[in-house]
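A.B. asks: Please find one structure pasted underneath; my questions will follow.
The values are calculated or read from the model by the stated rules, or taken from the named source; none is laboratory data. All of these numbers come straight from a predicted model, not from anything done at the bench. Methodologically, a virtual Cβ is constructed for each residue, glycine included, from the backbone with ideal geometry; neighbour enumeration extends over all protein chains shown. To get the accessible areas, we keep the full protein, side chains included, count just its heavy atoms, and leave off ligands, DNA and RNA. Shrake-Rupley method; radii C 1.70, N 1.55, O 1.52, S 1.80 Å.
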Amino acid sequence: AEAQKLYETILQKFSNNIRAQQGLASLIKYKQDSLIQNPPQESLNQLVNLYNQGQIEAVIEQAEALTAQYPGAYVVWNILGASAAQIGMLEEAANAFNKSLVIKPDAETFNNLGNVLSDQNNTDKAIEVYKKALMLKPNFADAYYNLGSLFAKQDKFDQAIKAYKNSILINPDYAEAYCNLGLAYRNIGEFNKAIEASKKSISIKSNIPLTYNNMGIILQDLGKFEEAIQFYKKAIELRPNFAIARHNLSYTFLSNRMLKEGFNEYEWRWQTPKLNLQQRNFTYPMWDGKTTLKDKTILLWCEQGIGDTMNWSSCLSIVNSRAKHIILECQKKLVPLLSRSFPNIEVKAQDRSKDADRDDFDFHLPMGSLYKNFIDEMIEKGNLESYLVPDPVRVQYWKERLHSISKGTYIGVCWKSSLKSSYRLQHYPPMSEWAPVFKVPDVTFINLQYKDYEDDIAKVENDFGVKIHNFEDIDQYEDIDEVAALTAALDMVVSTKATPPMISAGVGTPTKIANWRQSTYNTILTNPRSTSLEMIHRDTWEPWDKVFKLIADDILKLKN
């Protein structure tokens with residue numbers, strides 16, 4: 001750079017100086033050559049050795065220095081991208097791979113960039129990049145595999161299956177592709193193919209923990225709990241800290257009535273990606289379930305959905321008999337209902353902003369760990385008639401308002417959750433399956449669906465000639481206290497597994513849940529502890545019609 005400035009200064013004064021012209025030209029050519037020049041092989045070898053030794057920070061430092069000197073060295077940009085991605089520097093990784101692609105469009109680099117974009121949850125862009133890799137290299141098995149994983153993430157399982165099959169056509173021994181293919185088949189209900197693909201994966205490579213975990217999921221869906229447990233245990237044997245497998249195992253233990261084992265494994269939920277960020281960090285310790293709570297204050301805090309919080313609140317009377325004082329931090333919308341239901345407990349809206357500085361309690365406990373510590377007392381007491389107390393004035397208001405509509409039997413209905421995923425959708429049959437219920441004569445149906453209900457209500461009226469009454473002046477998503485009063489005024493609530501039946505069962509209204517028996521949501525942890533609740537089950541391999549016929553019979557009995 002200094003030489004270039006000197007030559008330029010000379011040529012400003014002596015524009016015809018041949019030696020300065022030649023010197024500047026040679027410098028410019030050197031700079032152009034360096035743009036497409038790789039560093040010495042010795043430097044590359046040193047970089048690769050550092051990478052293989054796991055000295056990633058040193059690799060990044062040296063690679064950055066080399067790219068500054070040799071900006072056209074696409075090999076170094078690739079190493080820099082791979083290293084940055086390995087330690088979570090995703091933006092830096094994407095930038096390095098993009099620099100490499102400008103110099104030399106390469107299928108491997110497109111694939112690596114796709115992986116980074118996938119980690120950034122930029123799914124659409126990642127799919128586009130994987131497709132570019134396949135345009136350059138149509139027999140690129142890894143790119144098909146990665147593409148399949150993103151389609152599966154989008155619940156596009158038919159496309160995922162096609163992509164996994166393409167990767168297997170190219171590489172018949174691609175155990176990881178068979179592993180994911182099995183789970184994709186499970187998600188479209190093709191259980192025989194799911195098992196076949198998973199077994200094929202194991203036969204090729206018997207040490208992939210994820211394959212055993214996936215087999216556990218498939219067998220859980222089929223109600224083969226003991227077999228599922230063995231596969232989860234094998235996954236954990238191969239990877240003892242495999243939190244997702246241990247979390248899945250907890251549900252299978254609970255489904256198989258192995259409560260102690262299930263609650264112990266359920267504590268692994270905090271290590272899963274889904275719940276890891278929900279953990280709270282206090283100075284004061286988590287209660288160990290053994291230390292006396294006499295003369296102590298315990299903070300109980302909500303950790304998942306409002307349905308879970310209401311279910312788990314059924315334990316509060318047991319805790320209250322043990323501790324001097326209880327602080328319950330819950331979702332803001334639950335404060336009015338839970339304050340009235342548990343007047344001896346300090347109920348507050350959750351506030352995580354001062355967690356590290358708090359000193360207003362002796363111990364804390366997430367609500368999902370209540371059952372682990374109090375299951376013996378819960379079993380002794382049995383299910384409760386009710387544990388949520390609605391506002392009696394508002395209950396009377398809703399009774400009078402219902403009578404102003406008709407004199408019929410009042411049935412609240414809810415048919416789906418607002419949270420949608422391929423797994424959740426298996427709990428929610430289409431409205432056509434509800435036909436036996438809607439054909440019961442002289443019944444007044446009341447909407448308890450809190451989101452996305454307009455089209456479904458119109459479909460019911462069009463297909464069955466039945467009106468589902470909806471009260472526009474109540475926000476059923478936010479005003480939970482008012483929903484509790486409404487459900488207490490009804491004669492019965494009929495629902496799939498969603499939030500409204502958690503409310504109605506809690507206040508003591510007869511509640512029927514059309515339930516998928518093998519679901520991980522069908523355990524002691526997720527079902528209300530209410531004597532007013534009845535679960536009417538459908539097995540994985542059965543249609544829903546029997547469930548709704550039984551519920552229709554119960555409505556007729558109630559009417560009569």
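A.B. asks: Determine, yes or no, whether LEU117 is assigned to a helix (DSSP H, G or I) and in contact with a Leu (Cβ under 9 Å, 6 or more places away or on another chain).
C.D. replies: yes
A.B. asks: Within segment 398-411, is even one residue farther than 17 Å from ASP473 by Cα, surrounded by 17 or more Cβ atoms within 10 Å (Cβ to Cβ) and in contact with a helix residue (DSSP H, G or I) (Cβ under 6 Å, 6 or more places away or on another chain)?
C.D. replies: Yes, that holds for at least one residue.
A.B. asks: Please go through segment 259-294 and pick out each residue that is of a type in the set (Lys, Arg), more than 17 Å from GLY305 (Cβ to Cβ) and in a loop (DSSP other than H, G, I, E, B).
C.D. replies: Correct list: LYS290, LYS294.
A.B. asks: Limited to segment 272-303, what total is found for residues that are under 25 Å from GLN518 (Cβ atoms) and not hydrophobic (A, V, I, L, M, F, W, C)?
C.D. replies: 4
A.B. asks: So, one more: Against the condition open to solvent by 30 Å² or more (accessible area, probe 1.4 Å), farther than 29 Å from ASN264 by Cβ and of a type in the set (Val, Ile, Thr), how does ILE244 come out, does it pass?
C.D. replies: no
A.B. asks: Another question about this same structure. Kindly establish whether ASP491 is among the acidic types (Asp, Glu), farther than 20 Å from LEU384 by Cα and touching a strand residue (DSSP E or B) at 6+ places or on another chain (Cβ under 8 Å).
C.D. replies: Numbers: among the acidic types (Asp, Glu): yes; farther than 20 Å from LEU384 by Cα: no; touching a strand residue (DSSP E or B) at 6+ places or on another chain (Cβ under 8 Å): yes.
In short, no.
A.B. asks: Okay, moving on. Across segment 436-464, what is the number of residues that are open to solvent by 20 Å² or more (accessible area, probe 1.4 Å) and either under 24 Å from GLU542 (Cα atoms) or not polar (S, T, N, Q) (or both)?
C.D. replies: The total comes to 18.
A.B. asks: Another question about this same structure. Does any residue in segment 270-292 that is more than 10 Å from PHE363 (Cβ to Cβ) come within less than 9 Å, Cβ to Cβ, of a residue that is of a type in the set (A, V, I, L, M) and modelled with pLDDT under 95 six or more places away or on a different chain, and which pairs are these?
C.D. replies: ASN281/ALA356; THR283/ALA356
A.B. asks: Kindly indicate which of GLY148, GLY189, GLY182 is under 22 Å from the mean Cα position of the chain (by Cα) and outside any helix (DSSP H, G or I).
C.D. replies: Exactly one residue qualifies, and that residue is GLY189.
A.B. asks: Okay, next question. Which ranges mark the strands (runs of 3 or more DSSP E) fully within segment 295-357 that have 2 or more residues being open to solvent by 30 Å² or more (accessible area, probe 1.4 Å)? Give the steps one after another, and end with the answer.
C.D. replies: Working: elements: 297-301, 325-330, 346-349.
Here the list reads 346-349.
A.B. asks: Assuming GLU472 fulfils every condition listed in (1) touching a strand residue (DSSP E or B) at 6+ places or on another chain (Cβ under 6 Å); (2) part of a loop (DSSP other than H, G, I, E, B); (3) over 15 Å from TYR428 (Cβ atoms); (4) not hydroxyl-bearing (Ser, Thr, Tyr) apart from one, which condition is it?
C.D. replies: (1)
A.B. asks: Specify the residue that is modelled with the highest pLDDT; the eligible residues are those in segment 176-194 that are among the hydrophobic types (A, V, I, L, M, F, W, C) and surrounded by fewer than 20 Cβ atoms within 10 Å (Cβ to Cβ). Walk me through it before giving the result.
C.D. replies: First, pick out the residues of segment 176-194 that are among the hydrophobic types (A, V, I, L, M, F, W, C): 177, 179, 181, 183-184, 188, 191, 194.
Filter once more, keeping what is surrounded by fewer than 20 Cβ atoms within 10 Å (Cβ to Cβ): 188, 191.
Numbers: ILE188: 92, PHE191: 95.
Looking at residues that are among the hydrophobic types (A, V, I, L, M, F, W, C) and surrounded by fewer than 20 Cβ atoms within 10 Å (Cβ to Cβ), I get PHE191.
A.B. asks: Could you tell me how many of the residues in segment 363-392 are without any contact (Cβ under 8 Å) to a residue 24 or more places away in the chain and either closer than 27 Å to ILE468 by Cα or surrounded by 16 or more Cβ atoms within 10 Å (Cβ to Cβ) (or both)?
C.D. replies: 1
A.B. asks: Let me ask something additional. Scan segment 495-512 and tell me whether some residue there is under 30 Å from ASN256 (Cβ atoms), free of Cβ contacts under 8 Å to residues at least 60 places away in the same chain, charged (D, E, K, R) and in a loop (DSSP other than H, G, I, E, B).
C.D. replies: No, because not a single residue in segment 495-512 is under 30 Å from ASN256 (Cβ atoms), free of Cβ contacts under 8 Å to residues at least 60 places away in the same chain, charged (D, E, K, R) and in a loop (DSSP other than H, G, I, E, B).
A.B. asks: Give the residues of segment 505-515 that are buried (at least 24 other Cβ atoms within 10 Å of the Cβ) and either more than 18 Å from SER418 (Cα to Cα) or modelled with pLDDT under 95 (or both), sorted by residue number.
C.D. replies: The answer is ALA505, GLY506, VAL507, THR509, THR511, LYS512.
A.B. asks: Then there is this: Just checking: which of the helices (runs of 4 or more DSSP H) contained wholly in segment 1-66 hold 2 or more residues that are at pLDDT below 85?
C.D. replies: 2-13, 18-35
A.B. asks: Quick check: is even one residue across segment 414-435 within 30 Å of the chain's Cα centre (by Cα), open to solvent by 40 Å² or more (accessible area, probe 1.4 Å), farther than 30 Å from ARG517 by Cβ and modelled with pLDDT under 95?
C.D. replies: For segment 414-435, residues within 30 Å of the chain's Cα centre (by Cα), open to solvent by 40 Å² or more (accessible area, probe 1.4 Å), farther than 30 Å from ARG517 by Cβ and modelled with pLDDT under 95: absent.
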